[in-house]
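S.K.: This is the structure I have questions about; it appears just below.
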Amino acid sequence: MKINFLPYLPMMEILEEEQQIHINHDGCPAGTDTKKRLYIKRTGDKNGKPNYIAYCQHCSSGGRYYSPSLGYKKSGSSSVAMPTTYGNRVVLPPDIDRHIKGWPSGARIWLYRYDIRDSDISQFGIGWSESRGRIILPVYNKAGKLALFQTRRIRKYDSKPKYLTYRNESALFITRYNVDTCVITEDYLSAIRCGRIKGMAGCAVLGASLSEKHVLTLLNNFDKFIIFLDDDNSQVKRNQLKIKHKLELFADVKLLAGVNHPGCDPKELNEKDLEEILCS
Ligand SMILES: [Zn+2]
């Protein structure tokens, strides 16, 4: 018997090289498995793509799985995008590549241009999906589950919007929790950059408006807020005022963009200027 890997893709995506999981074999032919007898291991990557082997100790089924084999052609721009949902859950593209050295230069340049470092890439699980031709920016909730992810356009012939968002739940991208001050930004990379300043966390709203649940999350974790949304258009302006009004009932709030620094994008600033603006 061959193992059907599809039900396990969401679990497999979190495995690092040489890591393995053991889980219940769904529909095991030897009888219901409740003792997690199916082993799936991510072995050495092949051509930069994850490679998995599986074995069930209950029914002796086994198999091998290369993530690009899901209806995806090997070369060129004609590759078919891999599924981003399994059942009703959004999952990361199975071909996500977190080793930046193998990415196309455009993707690497985009991150380096904004001073995003290799350590950020591994900390936040940023990746490249060849099947989508896009950078993958994942957002995990505090429990470590994938809440949503964004894909960022890199290629010139990609006619879709600059960012696409796939959600399991509405969530903010928060870079860390163990500090007092939270800098609220529009986008993912700006949050990383602001979150690098001493004593500050970055939080990206990712185009969403702040719900009561989000406000609660912020107030439960931080005492001070700096609102630093980059875009100066009227929609964003209205949004940042709304955020300010909600937060300042309970906390200390400073509004930066649109007042002192109109149209200023946090991720475009160098480290020194960013620190000066945020700490002044
Ligand atoms: Zn089995």
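Just so it is clear, none of the values below were taken in a lab; they were calculated from the coordinates. These numbers come from a predicted model, not from an experiment. No Cβ is skipped: glycine too gets one built from the backbone with ideal geometry, and neighbour counts run over all protein chains shown.
S.K.: Determine the dipole magnitude for segment 173-279: charges of +1 sit on the beta-carbon of Lys and Arg, -1 on that of Asp and Glu, nothing else is charged, the reference point is the Cα centre, and the result goes in debye to the nearest 20. Working shown, then result.
M.R.: Details: 14 positive and 16 negative charges, 64 e Å.
So the dipole magnitude of segment 173-279 works out to roughly 300 debye.
S.K.: In addition: Please list the non-local residues whose amide H lies under 5 Å from the amide H of residue 255, H modeled 1.01 Å from N, same-chain partners needing a gap of 5 or more.
M.R.: Sorted by chain and number, the residues that satisfy this are 227.
S.K.: If a paramagnetic tag sat 7 Å from the Cα of residue 178 along the Cα-Cβ line, which residues of segment 202-227 would have the backbone N under 20 Å from that point?
M.R.: Output list for this probe position: 202-203, 218-224.
S.K.: What is the magnitude of the charge dipole of the chain about its Cα centre, with +1 placed on the Cβ of each Lys and Arg, -1 on the Cβ of each Asp and Glu, and no other charges, expressed in debye to the nearest 20? Can you show the working numbers first?
M.R.: Numbers: 42 positive and 31 negative charges, 192 e Å.
Using only the charged Cβ atoms, the result is roughly 920 debye.
S.K.: Hey, can you grab everything whose amide H is under 5 Å from the amide H of residue 173? Only 5+ residues off in sequence or another chain; H modelled, so Pro and N-termini drop out.
M.R.: Hits under the 5 Å cutoff: 204.
S.K.: Using only alpha carbons, build the gyration tensor for segment 6-69 and give me the equivalent ellipsoid semi-axes, biggest first, whole Å. Show your work: numbers first, answer last.
M.R.: Values: eigenvalues 95, 23, 19 Å².
Result for segment 6-69: semi-axes of 22, 11, 10 Å.
S.K.: Over the residues of segment 173-279, compute the C-alpha Rg and express it relative to 2.2 N^0.38 Å.
M.R.: Output field value: 0.94.
S.K.: Further question on the same structure: If you take the beta carbon distance between residue 219 and residue 276 as r and set R0 to 25 Å, what does 1/(1 + (r/R0)^6) give as a FRET efficiency, to the nearest 0.05?
M.R.: 0.35
S.K.: Give me the extension gain from residue 118 to residue 156: residue separation times 0.36 nm, minus the current Cα-Cα distance, reported in nm with one decimal.
M.R.: Numbers: separation 38, 0.36 × 38 = 13.68 nm, distance 2.45 nm.
Separation in residues times 0.36 nm, less the Cα-Cα distance, equals 11.2 nm.
S.K.: With θ taken as phi - 60° and the coefficients 6.51, -1.76 and 1.60, list the Karplus ³J(HN,Hα) couplings across segment 126-133 in order, rounded to whole Hz; mark glycine and proline as x.
M.R.: Coupling constants for segment 126-133: 5, x, 10, 10, 5, 5, 8, x Hz.
S.K.: Go through segment 266-280 residue by residue and turn each phi into a ³J(HN,Hα) via Karplus (6.51, -1.76, 1.60, θ = phi - 60°); whole Hz please, and just put x for glycine and proline.
M.R.: Each residue's phi maps through the Karplus curve to give x, 6, 7, 7, 6, 4, 5, 5, 4, 5, 4, 5, 6, 9, 7 Hz.
S.K.: Next question, about the same structure. What is the spin-label model distance, in nm, from residue 1 to residue 34 if the labels are put 7 Å beyond Cα along the C-beta direction?
M.R.: Each label point is offset 7 Å from its Cα along the Cβ direction, giving 1.8 nm.
S.K.: Per residue of segment 96-105, in order, report the coupling 6.51 cos²θ - 1.76 cosθ + 1.60 (Karplus, θ = phi - 60°) as ³J(HN,Hα) in whole Hz, putting x for Gly and Pro.
M.R.: Coupling constants for segment 96-105: 4, 10, 9, 9, 4, 4, x, 6, x, 4 Hz.
S.K.: Let me ask you something else. Note the per residue figure in Å³ for the convex hull of the C-alpha positions in segment 85-167.
M.R.: Numbers: hull volume 8.5 nm³, N = 83.
Dividing the Cα hull volume of segment 85-167 by its residues yields 102 Å³.
S.K.: Under 5 Å between amide H atoms, partner at least 5 residues away or on a different chain: which partners does residue 126 have, H built in plane at 1.01 Å?
M.R.: Those lying under 5 Å, H to H, from residue 126: there are none.
S.K.: If you restrict to DSSP beta bridges whose two residues both lie in the chain, what percentage is antiparallel, to the nearest 5?
M.R.: On the way: 36 of 51 bridges.
Expressed as a percentage, antiparallel bridges in the chain total about 70.
S.K.: Evaluate E = 1/(1 + (r/R0)^6) for residue 268 and residue 101, where r is the Cβ-Cβ distance and R0 equals 25 Å; express this FRET efficiency to the nearest 0.05. Mind dumping the intermediate values first?
M.R.: Values: r = 26 Å, r/R0 = 1.02.
Efficiency, from the Cβ-Cβ distance: 0.45.
S.K.: Could I ask something else about it? Taking every DSSP beta bridge that has both residues in segment 173-279, what percent is antiparallel when rounded to the nearest 5?
M.R.: Numbers: 2 of 16 bridges.
The antiparallel fraction comes to roughly 10 percent.
S.K.: Given 0.36 nm per residue, what is the gain on full extension from residue 212 to residue 15 after removing their alpha carbon distance, in nm?
M.R.: Values: separation 197, 0.36 × 197 = 70.92 nm, distance 3.39 nm.
Separation in residues times 0.36 nm, less the Cα-Cα distance, equals 67.5 nm.
S.K.: Tell me the volume per residue, in Å³, of the convex hull enclosing the alpha carbons of the chain.
M.R.: Details: hull volume 40.5 nm³, N = 280.
Spelled out: Cα convex hull of the chain, divided by residues, is 145 Å³.
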